[in-house]
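The values are calculated or read from the model by the stated rules, or taken from the named source; none is laboratory data. Bear in mind the structure is a predicted one, so any value in this text is a computation, not a measurement. Here the Cβ positions follow ideal geometry from the backbone for every residue, glycine too, while neighbour counts run over all protein chains shown. Heads up: the accessible areas ignore ligands, DNA and RNA and are worked out on the full protein's heavy atoms, side chains in. Shrake-Rupley method; radii C 1.70, N 1.55, O 1.52, S 1.80 Å.
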Amino acid sequence: MQLHTSVHLENYLNRLLTVTMDVQSQPGEHDFTLYALSVENGISVVNWQVTGGTERLDGSTIHVTGAAFQIQYSVEIQHQVCLGSGIEIEFTYPFINENEIFFGSGILPVPQEPCSATFQLVGLPGGWIEFSSLAPGGMHPEKFDEFFCYCAANGTPVTHLYHGQAQDVTFRLLTQHGKSLPMPAQALFAFFDGYMGWLERSLIPYSRANEINFLVLQAPANFAVLANRQTFATGENVLNGIACYAPPDLDYLSGYFGYTSYAQFLYEGLAHELLHYYTTASSNGREKSVLYPSPHCPSYAVRLIADALNIYFYSQYVSEHVPEARDSFETWVARVRSRQQKTGRRQPLLDLQILDEHLQAKGSSLLVLFREMARLKLHDRQPYVSAKFLFDTMRTQLNILPIQAIEDDILTQA
């Protein structure tokens, strides 16, 4: 299947984005997922038409029978400010105002079969810039699932070049129109260099996307009210990009993360998202990350390897190297222990602590295990299917037997 997708901006002042997807494929039925069809909450799909094929809609799923056909529709967007991402649906909320256009995951049809793809942005207003994860590195099918595109008047990204062990990385930073950061760009670049250097020394040389666009949007403090309590505003890591959405509001940052400042959120958020280039929760993350799960991997295993493993190491790094994030690791552990006491549910971060203590007692560490897992999957570009991958690596690469009760308990988690 070959896809050419265009997003037209000409009617942005009427709060409309128009999407056209031209498809060339073998005859038969072809399925796409389009969350914009069902998200509602200030988002409407209008002017829907499919030409060259017969179509059937089933919630967020599009079924089209044909070989050469076109899907076209417009998305009507009521929101004028950043609202983050949906809580119950994989959707990044778009917004439009006189100076900005933003859209992301969920607004384009996601093909459910292998394809090649191109992308074109049409009608960018004069004097505006495009800053997205779609442009650097060229379009890739993986980008349909997770991406962002920000267009604004009078914006200028700041660019930094990181010299890695295996490749150079161009790192661009753009702050939302009319917003500011609590630190100079150079401070973030210095942090990027130090942290990436530590990742390369501790794990394996970085070998994923060689261009990363870092977008900092700032939702208003009342974003949840504006979104009818259907969104959260944190951040995301995608192929060729990182985006932050949180408001610089201490009440939100303290309640949601336990952070003491917006600067802490930016440093920790950047560290967290960069480590997702080594381990991700996305089953479509083959190009983006080294470790990625299969679509049928148990959710607890994904939380353990993709999320908790990330938090376990990035928070220790920022605790030691970023004054604004001092005691981050201890704060995370305390919050997770409190959650366990309140819910009675098993917590992946605490499981990792036990594993690390066991490995250190045997002369190794969880960091060494993480490195060996990354080394294995760097050359075997297949997803892991369960937490058994972690324990098998412990046995085969470290020659250390796990605590059987812990292994059994983790492997039985759904």
| message | Of everything in segment 202-233, what is open to solvent by less than 20 Å² (accessible area, probe 1.4 Å) and either within 30 Å of Arg381 (Cβ to Cβ) or among the hydroxyl-bearing types (Ser, Thr, Tyr) (or both)? Give them in sequence order. | response | Ser202, Leu203, Ile204, Tyr206, Ala209, Ile212, Asn213, Phe214, Leu215, Thr231
| field | Out of Gln49, Gln26, sole residue that is open to solvent by 60 Å² or more (accessible area, probe 1.4 Å), assigned to a strand (DSSP E or B) and without any contact (Cβ under 8 Å) to a residue 60 or more places away in the chain | value | Gln49
| remark: Within segment 101-124, restricting to residues that are open to solvent by 10 Å² or more (accessible area, probe 1.4 Å) and in contact with a Cys (Cβ under 8 Å, 6 or more places away or on another chain), the one that is farthest from Tyr12 (Cα to Cα) is Leu121
| remark: Of all strands (runs of 3 or more DSSP E) fully inside segment 59-135, the set with 1 or more residues that are touching a helix residue (DSSP H, G or I) at 6+ places or on another chain (Cβ under 7 Å) is 68-77, 95-97, 100-104, 116-122
| What helices (runs of 4 or more DSSP H) completely inside segment 267-359 contain at least 1 residues that are touching a helix residue (DSSP H, G or I) at 6+ places or on another chain (Cβ under 6 Å)? | 309-321, 328-343
| Within segment 61-75, is there a residue that is surrounded by fewer than 21 Cβ atoms within 10 Å (Cβ to Cβ) and closer than 30 Å to Asn222 by Cα? | yes
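Regarding segment 146-154, can at least one residue be identified that is of a type outside the set (D, E, K, R), within 30 Å of Gln112 (Cα to Cα), open to solvent by less than 60 Å² (accessible area, probe 1.4 Å) and part of a loop (DSSP other than H, G, I, E, B)?
Looking for residues that are of a type outside the set (D, E, K, R), within 30 Å of Gln112 (Cα to Cα), open to solvent by less than 60 Å² (accessible area, probe 1.4 Å) and part of a loop (DSSP other than H, G, I, E, B), one finds at least one in segment 146-154, hence yes.
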| hydroxyl-bearing (Ser, Thr, Tyr) and over 20 Å from Trp198 (Cα atoms) - does that describe any residue in segment 378-388? | yes
| request: Answer with yes or no whether Tyr35 is hydroxyl-bearing (Ser, Thr, Tyr), crowded, with 19+ Cβ neighbours inside 10 Å and out of contact with any helix residue (DSSP H, G or I) (no Cβ under 9 Å at 6 or more places or on another chain). | output: yes
| said: Go through segment 252-294 and report how many residues are surrounded by fewer than 19 Cβ atoms within 10 Å (Cβ to Cβ), modelled with pLDDT of 95 or more and farther than 29 Å from Cys151 by Cα. | reply: 1
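Just to be sure, is Thr159 within 27 Å of Ser319 (Cα to Cα), polar (S, T, N, Q), open to solvent by 60 Å² or more (accessible area, probe 1.4 Å) and at pLDDT 95 or above?
Answer is yes for this residue.
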